[in-house]
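Undergrad: This structure is in structure tokens; I'll ask about it shortly.
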Amino acid sequence: MIAASTSGAAFGAYNPAWDGTADLRDTTATHSETIVSLDGEAYTTDQPDQTLAVVLAPTTPYDAEDAAPMRQFVEDGGTLLVADNFGPTTDDPPYGNTLLANMGATTRFDGALLRDEHNYYRSPALPIAQPVSDHPYTRGVSDVTLNYGTAVVPNDAETLVRTSEFAYRDTDQSGSLSGDEELARYPVVTVEAVGDGQVIAVSDPSIFINAMLDREGNSAFVAALAQAHERVIFDYSQSGSQPPVSVALLVLRETPLLQALVGAIGVALGWGVVARPASLTRGRDRLATIVPVGNAGSDASSTHETQQPTPTETELLAYLRAEYPDWDDDRLQRIVADIIAEEPAPTDNE
């Protein structure tokens, strides 16, 4: 059951390990309604201006058909957060760029590894960046720690968070400043107006994994985003397979007709469990009264003053065959065995 309800996929909504995002859902749930979506249905909300949709490191690109409801959601006032850094390998463009383009945003992910030799956490590949100004999405945030992230090319977007002046793009992947690599303050979080809504670009989805939410600034950033919206949608439609039990629960929760069907089945099963022992007891008492008992010297329909005579197994089977001709012998014999098993053991007086 645990294996069927959890996932080991990186950034997975049901992955409780260090690289999953199970804690992310718990954090946002304390501030706003949280929804996990495996398709585009969640974007048809009637309150897009109060909703934040989150896409983390998609493993397959969103095509035009997939992106259509998302684009409408943003244009109607919704906020879409796209967090990505690299494609399938560090040499490939991030799939997040395709989604940004389909949204009509000008922001792009650079794709080169960002390092900072002076302002980092544990390693220069984990640079610490700071908010640029007091914005609702960074309110109460002192810093943001990346984990092998990249930079954002803002173009027309507003920069919300950027690195220190000692950061550089490690384009040759040498692990040190070299060649044409330049020290500069690089944007890592931006926001851009699209239609009536907004697109937020975050240059490292690892900010949101379980291990990195231990960083106070990262958890404060998540809290600020959630507090600015009444509803948060986590879109995992392009993020690989999800655990079957969790998927089944999501489908059940989103389908009223299926809820009614499952409820009816549950009631029927529950009634069967409760009713069967009672029906067996009633059947035993009824049989003891009705079935003729082969007792020499007594009337078949007579009864003892204090106790009904117990029918034999043969008599029980004969009665049940007559009452239920469609039932097979195996079923009849099981019922008879249950009835006999319920009879009290004879005493010495009997």
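No lab work stands behind these numbers, since they all come straight from the coordinates. All values reported here derive from a predicted model rather than from experimental measurement. Cβ: placed from backbone, ideal geometry, glycine included. Neighbour counts: every protein chain shown.
Undergrad: About its Cα centre, how strong a charge dipole does region 1-133 have in debye, to the nearest 20, once Lys and Arg get +1 and Asp and Glu get -1 at the Cβ?
TA: In debye, rounded to 20, region 1-133 gives about 420.
Undergrad: Grab the other residues whose beta carbon is less than 15 angstrom from that of Ala211, score K and R as +1, D and E as -1, and report the net.
TA: Net charge around Ala211: -4.
Undergrad: What FRET efficiency comes out for the pair Ala193/Thr90, r = Cβ-Cβ distance, R0 = 35 Å, nearest 0.05?
TA: In this case the efficiency is close to 0.70.
Undergrad: Using a cut-off of 12 Å between beta-carbons, work out the net charge of the residues near Leu100 (Lys and Arg +1, Asp and Glu -1, Leu100 not included).
TA: Spelling it out: positives minus negatives among the neighbours equals -1.
Undergrad: Explain nothing, just compute: Karplus ³J(HN,Hα) = 6.51 cos²θ - 1.76 cosθ + 1.60, θ = phi - 60°, for every residue of region 11-27 in order, whole Hz, x for Gly and Pro.
TA: 6, x, 5, 10, 9, x, 6, 4, 9, x, 10, 4, 5, 4, 5, 5, 5
Undergrad: For region 150-199, which GluC sites (Glu not before Pro) pass both filters: DSSP loop (anything but H, G, I, E, B) and at most 16 other C-beta atoms within 10 Å?
TA: For GluC sites (Glu not before Pro) across region 150-199 that sit outside H, G, I, E and B with at most 16 neighbouring Cβ atoms in 10 Å, the list reads Glu165, Glu181, Glu182.
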